[in-house]
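S.K.: Once you've had a glance at the structure underneath, I'll fire off some questions.
The values are calculated or read from the model by the stated rules, or taken from the named source; none is laboratory data. The structure displayed is predicted, hence computed values, not measured ones. All Cβ positions, even for glycine, are placed from backbone atoms using ideal geometry, and neighbour counts span all protein chains on display. Just the protein is used for accessible areas: all its heavy atoms, side chains included, with ligands, DNA and RNA removed. Shrake-Rupley method; radii C 1.70, N 1.55, O 1.52, S 1.80 Å.
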Amino acid sequence: MDSSQGTTTHFEKEKTSFDTKAVWRTFWILLGITLFELIIAIIYYETQFFPKHILNGVFVIMTLAKAFFIVAEFMHLGHEIKNLIMTIAIPACLFIWFLIAFMWDGSSYHELRMRYDSYQYEQSKTKVVQPEKHEEGKKPGKE
Amino acid sequence: MAHTVPVGQKWWSGGRSPFNVEYGKLMMWYFLMSDAFTFGAFLISYGTIRFSSSSWPNPNEVFRSFPIIGEMSVPLAFVSLMTFILIMSSVTMVMAVGAGQIHDRKAVMKWMFLTILGGLAFLGCQAWEWTHLHEEGAWWGRNPFMNIDGTQSTTNFTNYFFTITGFHGFHVFSGVIINIIMLIKTWRGDFERKGHYLMIEKAGLYWHFVDLVWVFVFTCFYLL
């Protein structure tokens with residue numbers, strides 16, 4: 001940190017643009033999104049009302065929204081200059097390829113297994129008998 | 001509110017940081033990028049395995065316990081509490097950074113202390129959750145839960161769960177240690193002498209990153 005004295009003069013001092021209101025707004029947004037996710041997760045669990053695929057899409061979009069708010073507001077990236085934003089945002093785009101390629105690979109693997117691996121196929125059709133639930137009281141040292 | 005750059009400013013002609021941030025802070029960003037790819041690799045590997053499996057245990061069945069209330073089934077309640085704790089500690093961390101910018105040493109110490117408490121609370125919750133799952137028979141290589149469609153589940157579920165939440169928990173733990181060091185340095189007046197609280201901002205970036213990763217872990221393991 002010996003060069004810190006020098007560096008501080010090199011970049012323009014931010015005029016303490018700290019905004020408490022914005023922080024709390026971000027907090028409420030994050031909390032709201034999380035609660036909403038939980039509510040629809042539990043409604044789905046109780047009623048199986050809508051297709052899980054659509055629900056998963058909703059969850060992914062809300063997760064990305066939360067990630068955006070954390071990075072832009074809490075990590076302050078939204079208030080940095082464009083050069084910095086781009087060196088973070090462009091490499092992060094690799095995740096798009098990363099996700100598509102590997103999820104595709106996974107489902108292809110699944111199809112191959114179901115078609116050629118008779119053991120796996122049998123397993124995916126055989127229901128197991130639910131083992132007896134452990135009695136909570138039987139275990140020592142458990143409330 | 002974005003930082004305004006004077007028109008015609010030449011950022012790349014030398015003599016200044018083209019990113020307008022201090023060197024250490026920039027490097028923290030790049031470290032976090034690499035860490036994001038590590039977590040990304042873990043989570044995408046989990047996703048691949050999950051896509052290649054015909055079924056998977058139901059998180060609402062697995063994560064339905066809460067301390068003290070015993071047998072009552074409250075799906076996902078405990079993990080929401082953990083999420084809330086982590087978001088809250090992110091807020092206190094931002095407050096510490098804000099207090100550092102106006103050189104309010106007392107306030108920095110107060111907010112850092114609260115952030116550390118939040119981190120410890122999160123770790124405590126995770127310890128409880130792991131202990132509880134372990135008592136139910138879940139561990140690396142052991143999976144007592146059935147798939148949602150009633151078929152036999154593999155140990156992939158528990159292996160990924162414990163590895164990824166463990167790796168995240170280790171990050172939280174390191175974050176708490178870093179924050180404790182920052183608190184001590186603030187208390188000793190190191191940053192006051194140096195003239196800036198940029199170290200708090202760097203620790204803050206790391207701490208928010210831990211929160212960011214949790215958002216993804218939460219979705220991948222508890223919601224999808």
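S.K.: Among the candidates B:Ala203, B:Ala121, B:Ala127, single out the residue that is open to solvent by less than 40 Å² (accessible area, probe 1.4 Å), in a helix (DSSP H, G or I) and of a type in the set (Gly, Ala, Ser).
M.R.: B:Ala203
S.K.: Taking region A:87-113 on its own, how many of its residues are open to solvent by 80 Å² or more (accessible area, probe 1.4 Å) and either among the hydrophobic types (A, V, I, L, M, F, W, C) or in contact with a strand residue (DSSP E or B) (Cβ under 8 Å, 6 or more places away or on another chain) (or both)?
M.R.: 8
S.K.: Collect the residues in region B:98-115 that are crowded, with 22+ Cβ neighbours inside 10 Å and closer than 29 Å to B:Ile164 by Cα, keeping them in residue-number order.
M.R.: Residues satisfying the conditions are B:Trp111, B:Met112, B:Thr115.
S.K.: Continuing with this model, one more query. For region A:17-63, which positions are modelled with pLDDT of 90 or more, exposed (fewer than 13 other Cβ atoms within 10 Å of the Cβ) and either under 14 Å from the mean Cα position of the chain (by Cα) or not in a helix (DSSP H, G or I) (or both)?
M.R.: A:Gly57, A:Ile61
S.K.: Going through region B:37-92 one residue at a time, which ones are surrounded by 17 or more Cβ atoms within 10 Å (Cβ to Cβ), more than 8 Å from chain A (Cβ to nearest Cβ) and of a type in the set (Ser, Thr, Tyr)?
M.R.: Hits for region B:37-92 are B:Tyr46, B:Ser65, B:Ser89, B:Thr92.
S.K.: Within region B:91-111, identify whether any single residue is under 21 Å from B:Phe170 (Cβ atoms), touching a residue at least 40 places away in the same chain (Cβ under 8 Å) and assigned to a helix (DSSP H, G or I), and answer yes or no.
M.R.: Within region B:91-111 (the criterion being under 21 Å from B:Phe170 (Cβ atoms), touching a residue at least 40 places away in the same chain (Cβ under 8 Å) and assigned to a helix (DSSP H, G or I)), the answer is yes, since at least one residue qualifies.
S.K.: So for region B:103-124 (the condition being within 14 Å of chain A (Cβ to nearest Cβ), of a type in the set (Asp, Glu) and over 28 Å from B:Cys220 (Cα atoms)), does at least one residue qualify? Working first, answer last.
M.R.: Residues of region B:103-124 that are within 14 Å of chain A (Cβ to nearest Cβ), as a first pass: B:103-104, B:107-108, B:111, B:114-115, B:118.
Narrowing further to those that are of a type in the set (Asp, Glu): B:104.
Next cut, over 28 Å from B:Cys220 (Cα atoms) only: B:104.
Yes, some residue in region B:103-124 is within 14 Å of chain A (Cβ to nearest Cβ), of a type in the set (Asp, Glu) and over 28 Å from B:Cys220 (Cα atoms).
S.K.: To continue, here is another question. Scan region B:185-197 for residues that are within 18 Å of A:His76 (Cβ to Cβ) and surrounded by 23 or more Cβ atoms within 10 Å (Cβ to Cβ) and report the count.
M.R.: Selection size over region B:185-197: 1.
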